[in-house]
């Protein structure tokens, strides 16, 4: 059942066909299409301009320079971890709760239980500190309410798995925008730690 659901998730996202053809990055995840085509946007705020860096499905990125990490999630969860001491951060876009459902998949950023420790370790190495890490999460929506797969409640399972992984790795969860039935656009400012979320056509909220 998990395998069929995973295939369904990839089928409904047209990006996955392109992502499957890309080489894996150092985390075992495939790089985003945005970085592959060298495209970028600039996000304006009251103080300065930040480059926008996209994080695709089953991918994660860690940045130490001032940027805004961007992703879009449905039943997946965006995990935003902030290093308040070094003003850096990372975002993982996880698809599924548990890596134990498969023995051959090496994409650590695809699963909650492997993405959180990998993201935390990368941040700690980049900042040379094990203090100051906190998290905000968004996503975990019920996107398949009319399908039999809804009985698995994958969005809810993703949210709970992420929370468990954060607790196991000693990372405090500061805020969340999760569950519901709408897809979300997530923007994470790694300098300030602010996360802005747009749920469907609603106004942007900060968590």
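Bear in mind these aren't lab numbers, they're just calculated from the coordinates by the rules spelled out. Note that this is a predicted model, so its numbers are computed, not measured. Positions of Cβ are backbone-derived with ideal geometry, glycine not excepted, and every protein chain shown enters the neighbour counts.
Peptides 105-115, 74-84, 152-162, 166-176 ranked from most to least packed by the mean count of surrounding Cβ atoms within 10 Å: 74-84, 105-115, 152-162, 166-176.
Rounded to the nearest 0.05, the FRET efficiency derived from the C-beta distance between residue 179 and residue 104 at R0 = 25 Å is 0.25. Residue separation of residue 169 and residue 84 scaled by 0.36 nm, minus their Cα-Cα distance, works out to 28.9 nm of gained length.
For region 82-121, what D do you get in µm² per second when you plug the Kirkwood radius from alpha-carbon pairs into Stokes-Einstein at 37 °C and 0.692 mPa s? D = 301 µm²/s. The percentage of C-alpha pairs in region 70-207 whose separation is greater than 24 Å is 26%.
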